[in-house]
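The values are calculated or read from the model by the stated rules, or taken from the named source; none is laboratory data. Worth saying up front: this structure is predicted, and the values here are computed from it rather than measured. With ideal geometry, Cβ positions are generated from the backbone for all residues, glycine too; neighbour counts draw on all protein chains shown.
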Amino acid sequence: MTLAELLSTGLLGLGAAFFLTGTVGLLRFPSTFARLHALTKADNLGLGCVALGLALQADSGWVAAKLALVWGLALVAATASAHLLARCILRERGGTRRTPP
Amino acid sequence: MGLAFDLLLAGGLLGLALQVVASRGLFRSVVLFIALGLLMALAWARLAAPDLALAEAAIGAGLTGALLLSAYRALQPAEEAADPGPAALPRWGALAAAVLSGALVAALGWAALGLEAPAASAGREALARLGESGVKSPLTGVLLGFRAIDTLAEVVVLLVAFLGARVVAEPLQRAGPGPSAPGSGEPVLTAPLLRLVVPMGVIVAGYLLWSGGHQPGGAFQAGAVLAALGVLLRLTGRLQPAAATSPAERLALVGGIVLFSAIGLAGAGTASAVLAYPEAWAYPLILAIETGLAVAIALPLTLLFSGSAGLRWRER
């Protein structure tokens, strides 16, 4: 097993571990904010590790670039949806005073 | 390893399907249905059918999910007023229906397992004569070459579905997503997200359309991506519902079908038969039809979600 393969396997395992932790957090944490926190952190890191691990096994730079693009887009989507969810919950609770920029 | 993954996938599909019909809350069922669509797309990808996987993920999970969520939202006030609960079906009736359906599925599966693969199937013949269709992708060759009549009818079905929904939805006060909560400004992340996602979506749709000629992709996938963009723009208020369909929208709704039919009818004179293409022109004609069809697929889907007859850009 070469170094790249070893590193790739390690990263894939780490990514899977992050996904598992995130899922446990999503199921077990008490409040919506805590669940959102667990989900976004663990999933984004997990997907990053999986994408990096797969990129190390990729045949060409194009495949690696596509994997990076997938990760970037998933980050954007996760950021926007987490922000919207948190905003919605804040509003339901009466909202917070917004400081003008 | 592959077998373990397939078993997990099959088990997950069956479990999710059961949850979709058996779970109590309507909202839960809708969300589980979307998850079911995503798993189904994975299953198609495992079966080496990327075209179907793309279509299932975009239309089956994405757009149908959005439509169901929008319908759920419209149902809300009525449900609060008088919640009749699930329809009162006696337990023995449900049991009998389940046993009969199960027996039917088992019998069909048994019969299908007993079938021998025919030596000369239509699929093999289509693959062998793909060169005659003018494109390199077998799926596009079948959809727009060998079985063009089916594709034409499918797009007509979509248009009829949209017209039917308009007839039914006309007296509805609230169809589609409602206005955002009063007093709330636009979330800060919406505009940057749209600036990033919308151009990328247009590129992806164009790429899928173009790649339909030689690899997985085509009008349906491109149309679904465009429709998803339409849903996004409608949800973020960039597109506003309109009471009337504008002439441009009418043209887009029927343009693909008219173009397809016209080229198909012209085939009776210029080529051997109706819906056949003159050999030298097959590829450009198919590309033109696919472009028209992508728009004719995207617009009705967006309008169905919007629950309105037309769409207008928000005035700034």
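Take the conditions (1) in contact (Cβ under 8 Å) with a residue 24 or more places away in the chain; (2) farther than 20 Å from B:I286 by Cα; (3) not in a helix (DSSP H, G or I); B:P187 misses just one of them, which is (1). Among the residues making up the stretch A:42-63, those that are over 18 Å from the mean Cα position of the chain (by Cα) and either under 17 Å from A:L6 (Cα atoms) or part of a helix (DSSP H, G or I) (or both) are A:L56, A:Q57, A:A58, A:D59, A:G61, A:W62, A:V63. The residue list B:A53, B:A10, B:A74 contains one member that is surrounded by 13 or more Cβ atoms within 10 Å (Cβ to Cβ), within 21 Å of the chain's Cα centre (by Cα) and either among the basic types (K, R) or assigned to a helix (DSSP H, G or I) (or both), which is B:A53.
For the stretch B:15-43, a residue qualifies if it is more than 25 Å from B:V231 (Cα to Cα) and not in a loop (DSSP other than H, G, I, E, B), and the qualifying residues are B:G15, B:L16, B:A17, B:L18, B:Q19, B:V21, B:A22, B:A43. Residues in the stretch A:69-86 that are in contact with a Leu (Cβ under 9 Å, 6 or more places away or on another chain) and either more than 9 Å from chain B (Cβ to nearest Cβ) or modelled with pLDDT under 85 (or both): A:V70, A:W71, A:A74, A:L75, A:A78, A:A82, A:L85, A:A86.
Against the test of being in contact (Cβ under 8 Å) with a residue 24 or more places away in the chain, touching a strand residue (DSSP E or B) at 6+ places or on another chain (Cβ under 8 Å) and part of a helix (DSSP H, G or I), the options B:G256, B:G223, B:G264, B:G230 yield a single qualifying residue, B:G230. Residues considered: B:L163, B:L194. Of these, the only one that is assigned by TED's automatic domain parsing to the domain that holds B:P284, at pLDDT 80 or above, in contact with a Lys or Arg (Cβ under 8 Å, 6 or more places away or on another chain) and in a helix (DSSP H, G or I) is B:L194.
Cβ-Cβ distances below 6 Å connect the following pairs, each with a first residue in the stretch B:16-35 that is more than 18 Å from B:L63 (Cβ to Cβ), a second residue that is of a type in the set (S, T, Y) and modelled with pLDDT of 90 or more, and a separation of six or more residues or different chains: B:S23/B:S29. Checked against (1) over 21 Å from A:L84 (Cβ atoms); (2) in contact with a Phe, Trp or Tyr (Cβ under 7 Å, 6 or more places away or on another chain), A:L47 meets all criteria but (1).
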